[in-house]
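To start, the structure itself, in structure tokens.
The values are calculated or read from the model by the stated rules, or taken from the named source; none is laboratory data. Everything numeric here is computed off the predicted structure, so don't read it as measured data. Heads up, the Cβs are rebuilt from the backbone with ideal geometry, glycines too, and the neighbour counts pull from every protein chain shown.
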Amino acid sequence: MSQPQQRKFTLPESELPTHFYNIAADLPEPAPPVLHPGTREPIGPADLAPLFPMELIKQEVSSERFIEIPEPVREAYRIYRPSPLIRALGLERALDTPAHIYYKYEGVSPAGSHKPNTAIAQAYYNKAEGINRLVTETGAGQWGSALAFAGSLFGLEIKVFMVRVSYEQKPYRRSFIQTFGGTVTPSPSTETNAGRTILAADPDSTGSLGIAISEAVEVAATNEDTKYSLGSVLNHVLLHQTVIGQEAIQQMALAGEEPDVVIGCAGGGSNFSGIAFPFLRDKLTGDSKTRFLAVEPASCPSLTKGEYRYDFGDAVGMTPLVKMHTLGNGFKPAPIHAGGLRYHGMAPMVSHLYELGFIEARAYAQNTCFEAALQFARTEGIIPAPESSHAIRAAIDEALEAKEAGSERVILFNLSGHGYFDMAAYDAYLAGELVDVEYEPQREAVAV
Ligand SMILES: *Cc1c(COP(=O)(O)O)cnc(C)c1O
């Protein structure tokens, strides 16, 4: 009798990574600097100090290859890490493909996504510098959930501006944040100048991540005791997510395989970077043939349709200027169900690597992603987050291409989260009510 196929590749807690991997150390040329919005000169640590604790500012510009993970952070990670790597045997069989498909499952975290990997680290570093209150924004509710959870572990108060469309669509994400002790305000709100300005121009605004960021940044900048926390895009966030890829390297070795392609969905770029950067290290420093594929929504295609230029991170123009692929900071993404992918820009580090030709990008409309999500759920038993379904769509297409070509292909994708708070989106899909929205450039500048 032949050996049964191993399905799960798990690591003991003792194999939890000890360091974050900083890709900046291995770049052939550095990413362009962050600029001050007023002077357009590169910013220094003092400019960021009102918003972030010094340790995170240091990490943002560090060129050290490995940064040690503090033990209290590792202890919190051990609630759910190392996360499993799973061979998608059921999906492979359904597709009748010679490809081997693996996924790293980040939905095992308490918040149901990869986001606690950075939320825990950020809460820890803030607390260590005497900060007791963090303010942030959330789109789909995943980031707010993650930060509220992390805040509860380290004794920080968490205030969340939640994009209004999600606030209304996802009442249980709101409850989740509140259960962990966080407070939630729908954005745009009347609590900030930024929110009042947007509401004056558009009283029915359903909000956007860019607007919610403006509100959160304003609260942090105008309150001495409060710092700001961002769940994606920034270098230090991508850095914290590299625990995903470092574990995956060990787990793929257990499976005796190396990926031909590594896939992640990309909103701000953090879960994609988390799985990709540790594998990319070999490509930057050696001759690995692995491909890297970032997958975004067709209605918000910052990498595939955006311009590579300096832009603001928020809607109102309060943040520093970063060079990134952007649809413009006034872009109002269609209210698709993958709320976590509705951001006008892409992480500067991902944008830089895309420009240098190290990664590829692809965009899909939402119906084809939900179709992939159902096929995945029915063969693998996990209902994916609508965001993650973009990565699944790409993994399935890669597997079908391999079948067509009659060649083997090892596919690894990041299943960034589960979709158990997103059942309204599945209802809409099953009822045939989901609309595919094409990207249209928006030329009007945001009203400030
Ligand atoms: C937030 C989120 C994303 C998108 O954010 P990235 O920074 O691009 O990773 C993707 N998947 C899930 C499940 C999320 O919660």
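Within segment 358-370, does at least one residue satisfy the condition of being of a type in the set (A, V, I, L, M), more than 15 Å from the ligand (Cβ to nearest atom), touching a helix residue (DSSP H, G or I) at 6+ places or on another chain (Cβ under 9 Å) and closer than 17 Å to Glu387 by Cβ?
Taking segment 358-370 and keeping what is of a type in the set (A, V, I, L, M), we get 359, 361, 363, 365.
Checking the rest, the ones that are also more than 15 Å from the ligand (Cβ to nearest atom) come to 365.
From what's left, touching a helix residue (DSSP H, G or I) at 6+ places or on another chain (Cβ under 9 Å): none.
No, that holds for no residue.
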Check: Out of Val217, Val237, which single residue is more than 16 Å from the ligand (Cβ to nearest atom) and within 22 Å of the chain's Cα centre (by Cα)?
Finding: Val217
Next item on the list: Output the number of residues of segment 93-125 satisfying the condition of being away from the ligand (no atom under 16 Å from the Cβ) and either free of Cβ contacts under 8 Å to residues at least 24 places away in the same chain or buried (at least 19 other Cβ atoms within 10 Å of the Cβ) (or both).
Entry: 9
Margin query: I'm trying to understand the selection: among the residues of segment 82-125, which are in a helix (DSSP H, G or I) and among the small types (Gly, Ala, Ser)?
Written below: Gly90, Ala94, Gly107, Ala119, Ala121, Ala123
Margin query: If I filter segment 305-315 for residues that are touching a Phe, Trp or Tyr at 6+ places or on another chain (Cβ under 9 Å), in a helix (DSSP H, G or I) and at pLDDT 95 or above, do I get at least one hit?
Written below: yes
Checklist line | Residue satisfying all of: in segment 126-169; within 12 Å of the ligand (Cβ to nearest atom) and part of a loop (DSSP other than H, G, I, E, B); farthest from Lys332 (Cα to Cα) among these | finding: Gly141
Checklist line | Options Lys283, Lys289; residue that is under 23 Å from the mean Cα position of the chain (by Cα) and over 26 Å from Gly417 (Cα atoms) | finding: Lys283
Check: Based on what the data block shows, is Ile57 closer than 21 Å to Glu218 by Cβ and either among the aromatic types (Phe, Trp, Tyr) or modelled with pLDDT of 95 or more (or both)?
Finding: yes
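For every residue, the table says whether it meets (1) crowded, with 21+ Cβ neighbours inside 10 Å; (2) within 14 Å of the ligand (Cβ to nearest atom); (3) among the acidic types (Asp, Glu).
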residue	(1), (2), (3)
Gln375	no, no, no
Pro384	yes, yes, no
Glu401	no, no, yes
Phe413	yes, yes, no
Notebook entry, point to check: Looking at Ile211, is it buried (at least 24 other Cβ atoms within 10 Å of the Cβ), closer than 27 Å to Gly328 by Cα and away from the ligand (no atom under 16 Å from the Cβ)?
Noted result: yes
Next item on the list: Kindly list the number of the only condition in (1) more than 16 Å from the ligand (Cβ to nearest atom); (2) surrounded by fewer than 23 Cβ atoms within 10 Å (Cβ to Cβ); (3) over 23 Å from Leu11 (Cβ atoms) that fails for Gln250.
Entry: (3)
Check: Mind checking whether some residue in segment 199-215 is within 20 Å of Pro320 (Cα to Cα), free of Cβ contacts under 8 Å to residues at least 40 places away in the same chain and part of a loop (DSSP other than H, G, I, E, B)?
Finding: no
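Output the residue which, of all residues in segment 1-26 that are crowded, with 17+ Cβ neighbours inside 10 Å and among the hydrophobic types (A, V, I, L, M, F, W, C), is nearest to Arg74 (Cα to Cα).
Ranking the qualifying residues of segment 1-26, first place goes to Leu16.
Taking the options Ala361, Ala425, Ala395, Ala391, name whichever one is part of a helix (DSSP H, G or I) and under 17 Å from the mean Cα position of the chain (by Cα).
Result: Ala391 is the single residue among Ala361, Ala425, Ala395, Ala391 that is part of a helix (DSSP H, G or I) and under 17 Å from the mean Cα position of the chain (by Cα).
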Margin query: If Pro259 satisfies all but one of (1) more than 13 Å from the ligand (Cβ to nearest atom); (2) under 25 Å from Lys58 (Cβ atoms); (3) in a loop (DSSP other than H, G, I, E, B); (4) not charged (D, E, K, R), what's the number of the condition it fails?
Written below: (2)
